[in-house]
1. Would you kindly derive the ³J(HN,Hα) couplings of the range 25-41 from the backbone phi angles with the Karplus curve 6.51 cos²θ - 1.76 cosθ + 1.60 (θ = phi - 60°), listing them in order in whole Hz, with x for Gly and Pro?
2. In terms of modelled amide H atoms, which long-range or inter-chain residues lie less than 5 Å from the amide H of T112?
3. Order these by the 10 Å Cβ neighbour count, fewest first: V82, V113.
4. With θ set to phi - 60°, apply the Karplus curve 6.51 cos²θ - 1.76 cosθ + 1.60 along the range 112-120 and write out the HN-Hα couplings as whole Hz, x wherever there is a Gly or Pro.
5. Restricting to the chain, what percent of DSSP beta bridges are antiparallel, rounded to 5?
6. Could you work out [θ]222 nm for the chain from helices alone, using -39500 (n - 2.57) per DSSP H run of at least four and dividing by all its residues? Round to the nearest 500 deg cm²/dmol.
7. Computed from these coordinates, which is volume of the Cα convex hull per residue in Å³: (1) 119; (2) 233; (3) 97?
8. Could you give the distance between the Cα centres of the range 95-163 and the range 58-75, to the whole Å?
Amino acid sequence: MTAVDDALARLSELATKRGLRLCVAESLTSGRLANTVGAAEDAGEWFAGGIVAYLTDVKERVLGLTPGTDPVSASCAEQLAVGARDLFDADLCVATTGVGGPGPEGGHPPGTVFLGWATADGVGSLMLELTGDPQDVLDDTVDAAVQLLASHAERLPGSQPRG
């Protein structure tokens, strides 16, 4: 079993036991994170869903990204996580944004990735500097995002009141 498989199993167990509702917001990973999380055991019980917002205007309109925010930044990742958490009425959301490569984008080198997270009690982000071809960057981003979901799920006491 891989580290990601372990994280998914732990995530499923925690979410099921604590009645958590989880979601994801994706730019860089274009649905791959939702596909991975949605394949976890009992995901139909706790995975509210995911949203792919690739274009900046969609991030602004649907997830509340502040216009002018660098799309490859900690602030963007955090805002995407907050927007999706609100949209899905979830206890926890993790968001992905960055540059997959092969070349730089917006002045950011390939492999520059930001993961954002949001709960009722806090918001934060993690910067990754990944190497390899675009496929490697996407694989490593999804792996890190799953582990971040599991890590933050461990800190949640249980489902928050909805609505």
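1. Result, rounded to whole Hz: 10, 10, 10, 3, 8, 6, x, 5, 5, 4, 4, 5, 5, x, 8, 5, 4.
2. V99, L130
3. Going from sparsest to densest Cβ surroundings: V82, V113.
4. Running phi through 6.51 cos²θ - 1.76 cosθ + 1.60 with θ = phi - 60° gives 7, 10, 10, 10, x, 9, 8, 10, 5 Hz.
5. Taking every DSSP beta bridge within the chain, about 60 percent pair in antiparallel fashion.
6. Rounded to the nearest 500, it is -13500 deg cm²/dmol.
7. (3)
8. Answer, in whole Å: 15.
Bear in mind that the values in this text are calculations on the coordinates, not laboratory data. Because the structure is predicted, anything quoted here is derived from the model rather than measured. No Cβ is skipped: glycine too gets one built from the backbone with ideal geometry, and neighbour counts run over all protein chains shown.
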